[in-house]
1. Suppose the filter is in contact with a strand residue (DSSP E or B) (Cβ under 8 Å, 6 or more places away or on another chain) and part of a loop (DSSP other than H, G, I, E, B); does ALA53 pass it?
2. Restricting attention to the stretch 62-80, does a residue exist that is farther than 14 Å from THR4 by Cβ and hydroxyl-bearing (Ser, Thr, Tyr)?
3. Identify all residues within the stretch 68-86 that are within 15 Å of VAL32 (Cβ to Cβ) and within 14 Å of the chain's Cα centre (by Cα); write none if there are none.
4. Residue check, ALA53 against (1) more than 16 Å from the chain's Cα centre (by Cα); (2) on the phi > 0 side of the Ramachandran plot; (3) surrounded by 13 or more Cβ atoms within 10 Å (Cβ to Cβ), all met but one. Which one?
5. Please verify whether the stretch 68-78 includes one or more residues that are part of a loop (DSSP other than H, G, I, E, B) and free of Cβ contacts under 8 Å to residues at least 40 places away in the same chain.
6. Is the stretch 77-95 home to any residue that is open to solvent by 30 Å² or more (accessible area, probe 1.4 Å) and within 21 Å of PHE123 (Cβ to Cβ)?
7. For a quick check of your reading of the model, give me the residue pairs whose first member lies in the stretch 33-50 and is farther than 13 Å from LEU83 by Cα and open to solvent by 100 Å² or more (accessible area, probe 1.4 Å), whose second is assigned to a strand (DSSP E or B) and among the charged types (D, E, K, R), with beta-carbon atoms closer than 7 Å and at least 6 apart or on different chains.
8. Which residue is farthest from GLU8 (Cα to Cα), if the candidates are limited to the stretch 79-125 and must be polar (S, T, N, Q) and not in a loop (DSSP other than H, G, I, E, B)?
Amino acid sequence: LLYTKDHEWARIEDQEKTGQKIATIGISRFAVDQLGDVTQVELPKEGETVKQADVFGSVESVKAVSDLFAPFSGRVVKVNSPLADSPEYVNEDPYDEGWMIQIALSNPDELKTLMDAEAYQSFLREQGD
């Protein structure tokens, strides 16, 4: 997984047929722990385009409403629609059932701006100091 400083994660897959890179995106366990119980998730519609670092949706919890930021630019190819009725999936399993959207990357070079797991853990430690 790759991570942003805004606590989104991305899992990159290469589509064999098209060679297109597809990224599944969600929020990290750290973000979930900070938010508390998620009560609502707002996500874009399939087919919409997002730009790196722009807001693509929001997560509402018992504590706050937090914007979701796109780790990179691309077109939304899939939305985890069960989250509309079951936002608790984000709390229970943020890396599997709690994923948010899938994006077809328009600029794979933007991947270089994300952190690997080790760098993300270092980032979290620095934030805690």
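1. yes
2. No, the stretch 62-80 contains no residue that is farther than 14 Å from THR4 by Cβ and hydroxyl-bearing (Ser, Thr, Tyr).
3. Result: LEU68, ASN80, LEU83.
4. For ALA53, the exception is condition (1).
5. So far as the stretch 68-78 goes, yes, one or more of its residues are part of a loop (DSSP other than H, G, I, E, B) and free of Cβ contacts under 8 Å to residues at least 40 places away in the same chain.
6. Yes: one or more hits.
7. Note: pairs meeting the criteria are GLU46/LYS78; THR49/ARG75.
8. Ranking the qualifying residues of the stretch 79-125, first place goes to SER81.
The values are calculated or read from the model by the stated rules, or taken from the named source; none is laboratory data. Everything numeric in this text was worked out from a predicted model, so none of it was measured. Neighbour counts run over all protein chains shown; Cβ positions are idealised from the backbone, glycine included. Just so you know, the surface numbers come from the protein's heavy atoms only, side chains and all, with ligands and any DNA or RNA stripped out. Shrake-Rupley method; radii C 1.70, N 1.55, O 1.52, S 1.80 Å.
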